[in-house]
Every structure is written in structure tokens, then in C-alpha cells.
């Protein structure tokens, strides 16, 4: 019985939901033949939403290692989804910016992500969805703030 309780604890449920959302998005992206991973989608979203930013700042915002960001950016730059532009405050540094191609792809994937969320929240009312988002947002903020 304790195994059943553990599998339905918050940490397992959040992990499972995260994995299933990612899998659903990967499936729809594959069907649409958009050639982007969920990680690249998240990166492209951050770059577009935040505006041009340094690679190290992107890594910090996303909570990943700079080398992970570097590998993503190389692939994305090769596909002309992002570009590197001079940093006006430091001529030695580069800022990462989305391209028109990247922004167009982002819009297509956002529609697919909305489809996945609509499927995941089927049967929930608007208030339940808002409450779930608020609770998860608070948990994320608590964890980001550190121990």
C-alpha cells in the first residue's frame, strides 16, 4: 500500500505530468514535422519573450548548465532560428536573438503546446486550471528562492 501512496505523491505526480506533457508535445511536433525539440522550443520562447540576451543569462533563467545552452544554440543557429548580435554594452560579448524564422516556428509550436494543455486540462474548469497554475507557480518560486 505504501508504494501506491508514494506513486501518487506530489513529487511523482508533478514528474509524471511534466514527462507526459513533454511527450505529448514531442508527438505533435513530430506529426507536424517541425524539427524542434521541446528544449529548443523552451529556449526559443525565452529568447523571443525576453529579447536579446547573453548566453550565460539564458542558462541562469532556464536553470541549466551553460554548456547545455551552448549545444542548443549551435543547433538553433545552424537552422537560422536564432542569431548572435553584438552586445552594445560590451563589444566582446554577443547577445542571442530570435530570427523571423525562429519566431514563425515558435508560433506554430505554441499552437501545438496549447493543444497539449487543452488535452491535459480536459474536464477541469477555468478556476481549477487557474488554481493549479497558481499552486505550481508558487512551488516553482519557492524552489527557485533556494533552501
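The values are calculated or read from the model by the stated rules, or taken from the named source; none is laboratory data. Computed from a predicted structure; not experimentally measured. A quick note on method: Cβ atoms are made from the backbone with ideal geometry, for glycine too, and the neighbour counts reach across all protein chains shown.
Things to note:
- The range 7-22 residues that are under 15 Å from residue 135 (Cα atoms), paired with ones that are loosely packed, with under 12 Cβ neighbours inside 10 Å (beta carbon under 8 Å, 6 or more apart): none
- Of the residues screened, residue 29 is one that is crowded, with 16+ Cβ neighbours inside 10 Å, in contact with a helix residue (DSSP H, G or I) (Cβ under 9 Å, 6 or more places away or on another chain), within 25 Å of residue 122 (Cα to Cα) and touching a residue at least 40 places away in the same chain (Cβ under 8 Å).
- Unmet requirement for residue 44, which otherwise passes all of (1) out of contact with any strand residue (DSSP E or B) (no Cβ under 9 Å at 6 or more places or on another chain); (2) under 24 Å from residue 17 (Cα atoms): (1)
- Within the range 124-136, the residues that satisfy the criterion of being free of Cβ contacts under 8 Å to residues at least 12 places away in the same chain and under 14 Å from residue 10 (Cα atoms) are 132, 135.
- Residue 96 meets all of the listed conditions (1) loosely packed, with under 12 Cβ neighbours inside 10 Å; (2) under 17 Å from the mean Cα position of the chain (by Cα); (3) assigned to a strand (DSSP E or B) but one, namely (1).
- Being in contact with a helix residue (DSSP H, G or I) (Cβ under 6 Å, 6 or more places away or on another chain), surrounded by 10 or more Cβ atoms within 10 Å (Cβ to Cβ) and more than 17 Å from residue 40 (Cα to Cα) is true of residue 121.
- Any hit, the range 57-78, residues being over 25 Å from residue 143 (Cβ atoms) and outside any helix (DSSP H, G or I): no
- Selection over the range 70-92 of residues that are loosely packed, with under 14 Cβ neighbours inside 10 Å and out of contact with any helix residue (DSSP H, G or I) (no Cβ under 9 Å at 6 or more places or on another chain) gives a count of 10.
- Within the range 59-91, the set of residues being in contact with a strand residue (DSSP E or B) (Cβ under 9 Å, 6 or more places away or on another chain) and over 14 Å from residue 44 (Cβ atoms) comprises 84, 85, 86, 87, 88.
- Filtered residue count, the range 1-23, keeping only those that are surrounded by 10 or more Cβ atoms within 10 Å (Cβ to Cβ), assigned to a helix (DSSP H, G or I) and modelled with pLDDT under 85: 2
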